[in-house]
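Reading through the structure tokens given below for one structure.
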Amino acid sequence: MSSDEPSPALPPGLDLLWGRRSKARRGPRAELSIEAIVRAAIKVADAEGLEAVSMGRVAKELGFTPMSLYRHLGGKEELLQLMWNASAEGAEHLVLEGDGWRERLLNWSLIQREMLDRHAWITQMPMAAPPMAPNSLHFVERGLEALDPTPLADADKLRIIGLISSYTLSEARMANDAARAFAAASAGEGVPPSSFEALLREFIDEATFPRLYRIATAGPPAPADADPAAAAAAEAEAYRWGLERILDGVQALINASGAG
């Protein structure tokens with residue numbers, strides 16, 4: 001940034017993550033740290049979902065008062081930013097395995113999906129802007145690094161990373177929502193979600209929707225109370241299929257560049 005360009009307004013927490021603000025502890029309970037607060041918040045979110053995270057709930061988890069947390073953080077928005085950054089801890093040292101750009105980028109994508117499945121609350125996070133925390137950008141850097149052997153322009157490489165990330169986030173969110181619905185149904189709250197094909201068979205007729213009808217009746221009817229493990233396996237296979245098609249598109253883009 002040039003010296004005469006004004007600094008942009010930073011979302012809550014980024015000034016802290018990028019060292020623009022001191023982590024100075026105030027008050028008599030100096031044994032409480034930002035790192036401990038973030039760990040406790042992630043523990044709550046992993047177990048109970050993002051809606052369970054509040055300054056009061058995290059303070060209770062740590063055995064402190066909510067005011068003790070406010071001596072370190074400005075509020076929940078700031079806490080969420082720090083949680084997101086911590087979820088990608090270790091990205092700076094990530095080494096992608098594989099021969100060639102495609103295998104390495106595939107592994108990068110699967111690592112991202114595994115992280116979203118492990119911390120499903122990320123799929124519930126508000127996303128008004130791309131993540132700008134240090135660990136998130138380290139992870140983006142590793143994805144761009146996987147594309148180094150290609151002749152693509154840097155701007156196109158960044159678009160590819162964004163496309164894969166958007167696809168992965170969308171698929172993980174749907175899988176997480178389905179898992180939450182299954183869990184709620186198991187607890188006697190609502191009914192388990194039905195498959196797309198099962199719902200099609202319920203509502204459509206062959207004359208009006210001939211193509212959808214073929215899809216709906218192509219396989220055996222799924223049981224009403226589908227096994228969550230089987231549903232998760234099918235979803236993982238579908239995610240991998242879509243990811244491979246995106247990578248096919250990247251290869252086509254490389255071929256079109258004349259250096260494929």
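The values are calculated or read from the model by the stated rules, or taken from the named source; none is laboratory data. In this text, all values refer to a predicted model and were calculated from it rather than measured experimentally. Note that we place each Cβ from the backbone using ideal geometry, even for glycine, and neighbour counts take in every protein chain shown.
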| query | Conditions: (1) under 19 Å from Thr168 (Cα atoms); (2) buried (at least 17 other Cβ atoms within 10 Å of the Cβ); (3) modelled with pLDDT under 95; (4) not hydroxyl-bearing (Ser, Thr, Tyr). Pro126 meets all but one. Number of the miss? | reply | (2)
| the range 54-99 - residue that is in a helix (DSSP H, G or I) and polar (S, T, N, Q) and, of those, surrounded by the fewest Cβ atoms within 10 Å (Cβ to Cβ) | Ser68
| request: Determine if the range 192-203 includes at least one residue that is under 30 Å from Glu103 (Cβ atoms) and surrounded by 12 or more Cβ atoms within 10 Å (Cβ to Cβ). | output: no
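Okay, residues lined up against (1) assigned by TED's automatic domain parsing to the domain that holds Tyr167; (2) at pLDDT below 90; (3) under 30 Å from Gly49 (Cα atoms):
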position	(1), (2), (3)
Ala179	yes, yes, yes
Asp205	no, no, no
Ala216	no, yes, no
Arg245	yes, no, no
Gln251	yes, no, no
| remark: Being within 29 Å of Glu89 (Cβ to Cβ), among the basic types (Lys, Arg) and out of contact with any Leu (no Cβ under 8 Å at 6 or more places or on another chain) narrows Arg180, Arg201, Arg142 down to just Arg180
| (1) at pLDDT below 95; (2) assigned to a helix (DSSP H, G or I): which one isn't true of Asn107, the others all being true? | (1)
| note | Reported set for the range 41-53 where residues are under 22 Å from Pro11 (Cα atoms) and surrounded by 16 or more Cβ atoms within 10 Å (Cβ to Cβ) is Ala41, Ile42, Ala45, Leu50, Val53
| task | Give the residues of the range 139-168 that are surrounded by fewer than 17 Cβ atoms within 10 Å (Cβ to Cβ) and either part of a helix (DSSP H, G or I) or aliphatic (A, V, I, L, M) (or both), sorted by residue number. | result | Glu141, Leu144, Ala153, Asp154, Ala155, Asp156, Leu158, Arg159, Gly162, Leu163, Ser166
| Test set (1) over 19 Å from Glu35 (Cα atoms); (2) over 11 Å from the mean Cα position of the chain (by Cα) - Arg71 fails condition number | (1)
